[in-house]
1. Within the range 293-330, name every residue whose backbone N is under 17 Å away from a label modeled 7 Å from Cα of Lys383 along the Cβ vector.
2. Got a sec? Charge dipole of the range 347-410, +1 on Cβ for Lys and Arg, -1 for Asp and Glu; which of Gly355, Pro401, Asn387 is way out at the positive end?
3. Between their Cα atoms, which of Lys106/Lys212; Lys23/Lys88; Lys73/Lys370; Lys82/Lys403; Lys73/Lys471; Lys252/Lys468 are more than 23 Å away from each other?
4. What number in nm² do you get for the chain if you take the convex hull of its Cα atoms and divide its surface by four?
5. When each pair of different Cα atoms in the range 332-425 is counted once in the 1/r mean, what is the Kirkwood radius in angstroms, to one decimal?
6. What aspartates and glutamates sit close enough to Lys294 to cross-link, taking a C-alpha to C-alpha distance under 17 Å and skipping anything fewer than 8 places away on the same chain?
7. In the range 219-313, what is the volume of the convex hull around the alpha carbon atoms, normalised per residue and reported in Å³?
8. Among 150-160, 250-260, 298-308, how do they line up by average Cβ neighbours within 10 Å per residue, starting with the highest?
Amino acid sequence: MGTYFEFLNRINNKETSSLEETKFFLENIKANSHLNAFLTINEEEAIKSAQESDKRFNEGNPRKIEGMVVALKDNLSTKNIKTTCGSKILENFIPVYDATVIERIKAEGGIIIGKTNMDEFAMGSSNENSAYGDVSNNFDLDRVPGGSSGGSAVAVSANLCHVSLGSDTGGSIRQPAAFTGTYGIKPTYGRISRYGLIAFASSLDQIGIFSKNVEDMALMIDVISGKDEMDSTTSDIQHTNSFDKINEANDKFTIGVLPYQEMQSCNLDVLKAYKECLSKLQEDGHQIVEIELKNSNIWIPTYYILATAEASSNLAKFDAVKYGFRAQLEENDDFIVKSRSLGFGEEVKRRILLGTFVLSSGYYDAYYAKAQKARRLIQDNYKEIFNLVDFLFLPTTPTTPFKKGEKTADPIAMYLSDYFTTSANLAGVPAISIPVGFNENGLPIGMQVQMNNFEDEKLLNVSNFLTKLFK
Ligand code: GLN
């Protein structure tokens, strides 16, 4: 289904060109405009890059991802291309530099086809918080694609590009991947530079990838990962080398799975799919170990205290002086207050208030400092788990894609759709969502693999193995 790998085959057989492939995606984006997946289409530039790719293909020296057509979440800074973060406050913001990941993609022959819709400042689980309208799930237009990287997920799932990038602070790549039948990875914290990613919660944010298969994902992560002088949180190691290792044979695994009481928030479709996967793993001779999660009840509260605290600080810079939207003033209006009140949406304002509250002097110890201690317990529990097992296997989401509007009136219900994803960000560990099939109504289901820090290469190898096993 339109993978980069298939494209390479066709191009090697001289059956297509990079220009033809790029034009196909541009047409398909327009034919699917009702999905609202894209905020900006980079048509002219994309065509120019495709012509350069064809030149290099014809000269016999293609680069690592030559002609790969890539869509970018609109919180990634793109030189001379509007970058809104899904917010009115950045409606006219045109960055003057490319994020490191984008520089690396361009340097290896990737083609930037456009910027994708998202929940405002990456806050949300359904893409209903975008100032530019909802994104529709391509499997059922009345349902959400997940969030906050919903546009990037649909761009891959609906075949509007080969691969896309998103950001994952508490699940924003894995959850929409599960809802759209795509692969979605959040790498280890520090494995991919975030220079040029507009920050939501800096100690949790990671850039990651959506793809239709493991091969394309491996090629992409090998290009964008590795030390970057511009981001001091990147660890001091070079690019991953996962592509060459995805087919390496494995011994039998020891796999951590969740006991039944951890699955109570799951609907029957997800439970059934999970059980089927476990039986296949068992039949294949792997050792299944039920894991005692010591603190899953504090994952969501810890995440929402820390994420909102950091967001309230990160978003202070949007004061209408330096960037974007400025409110029309009437007498007695405060310029900054009015611009921020009109420029930010409801969910963003809710989080700025919550974050400011947990950081305020009277409540700092009770909430923020306590959440930091809770985070340490969560990290410690992960260390114990990965001393026992090779990886943790769990659902990505408790349910299949829900209906638009179903959870908008109840923020807590919305937050609970991140039940299985926030802990990986709190612990920093790499995690991936793998598509495992559909329910009776044709809605996609995803399962998640989490591994120890810096085992990103192994994570892709295992994902490739599981993909074949679950077929
Ligand atoms: N859905 C979560 C939230 O709303 C995660 C968002 C994300 O990963 N960017 O915060």
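Coordinate-derived values only; no laboratory data. Given the structure is predicted, the values throughout are model-derived calculations rather than measurements. Backbone-built Cβ (ideal geometry, glycine too); neighbour counts: all protein chains shown.
1. 294-295, by backbone N distance to the label point.
2. Gly355
3. The pairs that break the limit, which is 23 Å between Cα atoms, are Lys23/Lys88; Lys73/Lys370; Lys82/Lys403; Lys73/Lys471.
4. That works out to 22.3 nm², a quarter of the Cα hull's surface.
5. Taking the inverse mean of 1/r over all distinct Cα pairs, the range 332-425 comes out at 16.9 Å.
6. Glu262, Asp380, Glu384
7. Numbers: hull volume 18.7 nm³, N = 95.
Taking only Cα atoms, the range 219-313 has a hull volume of 197 Å³ per residue.
8. Order by mean packing, descending: 150-160, 298-308, 250-260.
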